[in-house]
Amino acid sequence: MTEIPALKQLREDWERALVVVAHPDDMEFGAAAAVARWTGQGKHVVYCLVTSGEAGIDGMSPDEARTVREEEQRESCRIVGVDAVEFLGLPDGVLEYGVPLRRAIAGAVRRHRPEIVITNNFRDTWDGAYALNQADHIATGRATLDAARDAGNRWVFPEQLGEELEPWGGVKQVWAAASPGARHAVDTSDTFEKGVQSLRAHQAYIDGLGWTDFDPAEFLEGAARMTGTRLGSTFASAFEVFRLEWGATEDD
Ligand SMILES: [Zn+2]
C-alpha cells in the first residue's frame, strides 16, 4: 500500500492576502473555509475575480449571468468575512496566459499590497492523473505566480505607476488551492460550515450545472476530510506553496 504523505501547516504570520481566481465559485469549491479561518483571526483578505463567470450558465445570457454571478460572489465573500471584492472584467472561458493577463493581475497586487497571494490549482489536472483542469484556471494561476513578482519591478508595467500606485515587492508566497502538488494545508474544522454556506451562495450557478442531487456539504466534506486526515485535523484545505522570498527554506 502506498502511504499518502502528511501535509505541513501553512504559515499564518501574515496580515494581508489577495485572492486571484478566474471565476466566481472557484474559491468556494474548497478554499473558502480557509479564508473564513483567516478573517476570523483578524487578517485582511481581498478577492480579485479575473472574469465575472458570465459564460458559466448554459441557460442564461452572459449579460444576465454577469450580474447574477457578481452578486453571488459578493454574498459568498460576505459569509467568509471578505468585504473587498473586485472584478477585472476579462472574458470568461477564453483567458489567455500572457503579458496582458500578467499586467492586469500585477495591477491588483500593486493596489492591495498583499504578503500572500492565493490562487486556484493551475496544474493540468486536479488529481495528477485524469481529472482535467480548466483553461482559465491554468492561465490565471500561472499569470498570478508571475504577476506576484512583476508587481515589485518598477520597470515592468511602468505605465501603472504614478502618484497612486507604487511597485510592491512584498509578496512572500503564492498559494495554489487544491493543487495535486499540495504539500501544505490549514485546519478548517471550525470554519467548514461557513465554507459550505459560501458555496450555497452560488445557487444560480449550481442550478445551471444541472447536477441532480448535488449537495455542497457532502461534496466539500469528502475532500476536506481526506485533507484533514493528512494534516491531523477533522477538516482541512490543501495548498501548493510557491516561495518568492530570497533565502526561503523548506520550513517557511
Ligand atoms: Zn472556475
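The values are calculated or read from the model by the stated rules, or taken from the named source; none is laboratory data. Because the structure is a prediction, the values reported are computed rather than measured. Neighbour counts run over all protein chains shown; Cβ positions are idealised from the backbone, glycine included. Calculation scope for accessible area: heavy atoms of the full protein, side chains included, ligands and nucleic acids excluded. Shrake-Rupley method; radii C 1.70, N 1.55, O 1.52, S 1.80 Å.
Numbers below:
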quantity	calculated
Any hit, region 231-241, residues being more than 23 Å from VAL21 (Cβ to Cβ) and touching a Lys or Arg at 6+ places or on another chain (Cβ under 9 Å)	yes
Unique residue being part of a loop (DSSP other than H, G, I, E, B) and over 14 Å from ARG110 (Cβ atoms) when the list is GLY162, GLY181, GLY141	GLY181
All positions within region 117-130 that are crowded, with 24+ Cβ neighbours inside 10 Å and aliphatic (A, V, I, L, M)	VAL117, ILE118
Strands (runs of 3 or more DSSP E) contained entirely in region 1-115, each with at least 3 residues that are surrounded by fewer than 21 Cβ atoms within 10 Å (Cβ to Cβ) and either away from the ligand (no atom under 16 Å from the Cβ) or modelled with pLDDT of 95 or more (or both)	84-87
Restricting region 144-153 to residues that are away from the ligand (no atom under 14 Å from the Cβ) and either part of a helix (DSSP H, G or I) or touching a residue at least 24 places away in the same chain (Cβ under 8 Å) (or both), the residue that is surrounded by the fewest Cβ atoms within 10 Å (Cβ to Cβ)	ARG149
Any hit, region 200-218, residues being closer than 23 Å to GLN41 by Cβ, open to solvent by less than 20 Å² (accessible area, probe 1.4 Å) and not in a loop (DSSP other than H, G, I, E, B)	no
Leading residue by the ranking (nearest to LEU145 (Cα to Cα)) among those in region 177-188 that are open to solvent by less than 40 Å² (accessible area, probe 1.4 Å) and either out of contact with any strand residue (DSSP E or B) (no Cβ under 8 Å at 6 or more places or on another chain) or of a type in the set (A, V, I, L, M, F, W, C) (or both)	ALA177
Residue, nearest to PHE29 (Cα to Cα), within region 123-138, restricted to residues that are among the hydrophobic types (A, V, I, L, M, F, W, C) and more than 11 Å from the ligand (Cβ to nearest atom)	TRP126
Out of GLY195, GLY222, GLY228, GLY210, sole residue that is within 26 Å of THR125 (Cα to Cα) and in contact with a strand residue (DSSP E or B) (Cβ under 6 Å, 6 or more places away or on another chain)	GLY228
Qualifying residue in region 153-175 (condition: aromatic (Phe, Trp, Tyr) and closer than 19 Å to ALA22 by Cα)	yes
Among (1) surrounded by fewer than 19 Cβ atoms within 10 Å (Cβ to Cβ); (2) under 18 Å from ALA6 (Cα atoms); (3) among the aromatic types (Phe, Trp, Tyr), the one test that PHE239 misses	(1)
From the options GLY195, GLY170, residue that is part of a loop (DSSP other than H, G, I, E, B) and either under 18 Å from the mean Cα position of the chain (by Cα) or within 15 Å of ILE118 (Cα to Cα) (or both)	GLY170
